[in-house]
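Below: one structure, written as structure tokens.
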Amino acid sequence: MMCDQGKQSDHQSGQHLTEPKKTHVKDRLDPYRVCVIGAGSIGLWFGGISSLFADVTFITRRVQQADRLVQNGVKLIRDEKAVIRGVDAYPMKEIRHDPSFLRQYDLIVVSVKQYQLPSVMTFLQDSLLTEQNALYFLMNGMSHLGQRYDVINSPIYLGMTQSGATRLSDTDVQERGLGLTLYGRYDPDQSLSTPSCPPSHSRESGLWQCMKEGFNEHHVPFEYTDHVWMPIIQKCIVNACINPLTALFRVQNGELIADETLHILLMQAYEELASFISDAYPEQADKILKQGKLKEEIIDICRITSGNISSMLQDIRASRETEIDAINGYFIRMAEKQQLGSLPTHNFLYRSIKYLEQQN
């Protein structure tokens, strides 16, 4: 699985991984403990970066991957340099019935496919979590925004990343461009126009300060946002335009702007969503679409990541279920719910990818 387009930033060129060191904060003698649920491309990458300054544990779907991570560690590759860090790992089947397992971790990162989230949510709801266990959902798509987080007794954070990564094996992950990673406090009453509250407890603030300093030290910009829904929906628009086209036509990202026909289809997909956003969120449309610059950003992503293979194409090639329901499917359902039309281009893309899934 690959983290979509992997938008690059100025942080990529010439920035190497430094020698790992554990980060200690004032009044805390031991490193923070981070648990990553899901060891796909982004989960493995996020856990790999975190292991450079914190104690990291992975929860995997397969027993074999957990065994290999324990035996070999996680290998993080940037340009020509690689760092291997020792980590703990457990298969979900081994710990899913232990309600106290997650309580030992300061930060629990959920980085799974959207269709895997229901079973993970059941595990989280059954766990005896407290305010000492922060939850951070770092996922593609939009479906996870509608979850019942109020049944979990933990501070909830949502996030998104512009960094790209490709999982090369059960333990190895290759960075494919470094970009901004964001986190923001989940607020059930928040909308696109209202900010959320920043971390309130000193322990929470210390945790996120440690994460920010740790990521920034290794040249990955990591920042708080009080409007976390905005960048999530913006990324979902980008993914909805690029991913299904690359999967349907079996092409790398750059072909969407190199080929005239595919470029027209890419712009058609964007314009249809832009029109929907303008109708659905009239007061926030300019911000969501970045005053029209989001279209330019989509083209730039295709150019910068021209040789990359989208996560959806990788899923189709590997005969796996895709996240089309949480990306294009999300906008289709929203348009139907608000009676704003059928989004014919995205309906076609959605049905086409569902057909390919059935063939697999």
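Bear in mind that the values in this text are calculations on the coordinates, not laboratory data. The structure displayed is predicted, hence computed values, not measured ones. Every residue, glycine as well, gets a Cβ built from its backbone with ideal geometry; the counts of neighbours run over all protein chains shown.
Determine the principal axes of the Cα atoms in the stretch 86-166, then give the extent along each, sorted from largest to smallest and rounded to whole angstroms.
34, 33, 23
Once you have a ≥ b ≥ c as the square roots of the Cα gyration tensor eigenvalues for the stretch 33-226, tell me rounded if a/c is under 1.5, and otherwise prolate or oblate according to whether a/b is larger than b/c. Please list the in-between numbers first.
Details: a/c = 1.58, a/b = 1.19, b/c = 1.33.
Oblate shape, in that a/c is at least 1.5 and b/c is the bigger or equal ratio.
Please find the FRET efficiency linking Leu168 to Gln291, where r is the Cβ-Cβ separation and R0 is fixed at 41 Å, and quote it to the nearest 0.05.
Values: r = 39 Å, r/R0 = 0.94.
So, using R0 = 41 Å, E works out to roughly 0.60.
Based on other C-beta atoms within 10 Å, arrange Trp229, Trp45, Trp208 from fewest to most. All intermediate terms of the calculation are to be shown ahead of the outcome.
On the way: Trp229 23, Trp45 31, Trp208 19.
Ranking Trp229, Trp45, Trp208 by Cβ neighbours within 10 Å, fewest first, gives Trp208, Trp229, Trp45.
Treat each spin label as a single point 7 Å out from the Cα along the C-beta direction, and report the Asp226 to Ile299 distance in nm.
It works out to 3.5 nm between the two label points.
Expressed as a whole number of Å, what is the distance separating the alpha-carbon centroids of the stretch 101-129 and the stretch 261-277?
36 Å
Where does each of 282-293, 262-273 land if you order them by average Cβ count within 10 Å, highest first?
Details: 282-293: 13.5, 262-273: 18.4.
Listed from highest to lowest mean packing, they are 262-273, 282-293.
For the stretch 315-360, state the semi-axes of the equivalent ellipsoid (square roots of 5 times the eigenvalues of the alpha-carbon gyration tensor), sorted largest first and rounded to whole angstrom. Spell out each step's value before the answer.
Values: eigenvalues 105, 19, 7 Å².
After scaling each eigenvalue by five and taking roots: 23, 10, 6 Å.
For the stretch 48-142, which GluC sites (Glu not before Pro) pass both filters: DSSP loop (anything but H, G, I, E, B) and at most 14 other C-beta atoms within 10 Å?
Details: sites: Glu80, Glu94, Glu131; in loops: Glu80, Glu131.
Of the GluC sites (Glu not before Pro), the ones in loops of the stretch 48-142 whose Cβ has at most 14 other Cβ atoms within 10 Å are Glu80, Glu131.
Quick one: Cα convex hull volume of the chain, Å³ per residue? Let's see the in-between values first.
Values: hull volume 47.1 nm³, N = 360.
Value for the chain: 131 Å³ per residue.
Among Ser100, Ser119, Ser111, which comes first, then next, by fewest other beta-carbon atoms within 10 Å? Display every interim value, and only then the final one.
Details: Ser100 10, Ser119 13, Ser111 26.
The most exposed by this proxy come first: Ser100, Ser119, Ser111.
Give the order of Val110, Val251, Val36 when sorted by the count of other beta carbons within 10 angstrom, beginning with the fewest. Don't jump to the answer; show the numbers that get you there.
Values: Val110 25, Val251 17, Val36 31.
Final ranking by Cβ density, sparse to dense: Val251, Val110, Val36.
Please state the shape class of the stretch 230-359: rounded when a/c is under 1.5, otherwise prolate if a/b exceeds b/c and oblate if not, all from the C-alpha gyration tensor. Let's see the in-between values first.
Working: a/c = 1.90, a/b = 1.24, b/c = 1.53.
The shape class here is oblate.
Give the residues of the stretch 84-103 whose amide nitrogen is closer than 13 Å to a point set 7 Å from the Cα of Asn153 in the direction of its Cβ.
So the set is 100, 103.
Using a cut-off of under 15 Å, list every residue of the stretch 91-126 whose amide N is near the label point 7 Å from the Cα of Gln132 along the Cα-to-beta-carbon line.
Flagged as within label range: 100-108.
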